[in-house]
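Notes follow the structure.
Just so it is clear, none of the values below were taken in a lab; they were calculated from the coordinates. No experiment lies behind these values; they were computed from the predicted model shown. In this analysis, Cβ positions are derived from the backbone assuming ideal geometry, glycine residues included, and neighbour counts consider all displayed protein chains.
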Amino acid sequence: MPPDSLMQRNLLRCLTWQIPSGQRIAQEMGIPPLSDTELAELQTIRPEFVDSTPLFYYILKEAQLREDGLRLGPVGARIVAEVFIGLLQIDPDSYLSVQPNWVPTLPTHDGTPESFRMIDFLTFAGVDPTSRGQ
């Protein structure tokens, strides 16, 4: 019977497709990996997962431990960012291809385009905490 859950499928993919472990990916990225102690709960499931954790599980555990589960941790966030950047790089219609020197022209916190921050975009859209009255 095939696995029913996404978690089961992703864990099996890590084993059958030999996807590098979360620790290996962290090491290649120069990011301090989660410790064996932080992953000790895996000991009862499969002892080798403690020091060679399936990437899918590692990313979720990293988010829980490093970001209180509110956002991705360093490894997961970098993977997502690199996917988006890669897609923009290969898209002949993206700003990276069409206007590689483009910079945002929205109002900024100090009036200079070079200092553009993401909060400036959120303020412009009216969804930052100050605009929402929080």
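Values as computed for the structure displayed
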item	result
Within region 51-134, trypsin sites (Lys or Arg not before Pro) in DSSP loop having at most 14 other beta-carbon neighbours inside 10 Å	R71, R117, R132
Unit charges at the beta carbon, dipole of the chain: most positive-side option, H109, F121, L11	L11
Nearest-0.05 FRET efficiency for D4 and T37, computed from C-beta distance (R0 35 Å)	0.65
Peptides 101-112, 22-33 ordered by average Cβ neighbours within 10 Å, highest first	22-33, 101-112
From the coordinates shown, log10 I(q)/I(0) by the Debye sum over Cα atoms at q = 0.10 Å⁻¹ corresponds to which of (1) -0.30; (2) -0.38; (3) -0.53	(3)
Least to most buried among S115, S94 (fewest other Cβ within 10 Å first)	S115, S94
Relative contact order, percent, the chain [alpha-carbon distance under 8 Å, six or more residues apart]	14 percent
Highest-first arrangement of 51-57, 120-126, 82-88, where packing means the average Cβ count within 10 Å	51-57, 120-126, 82-88
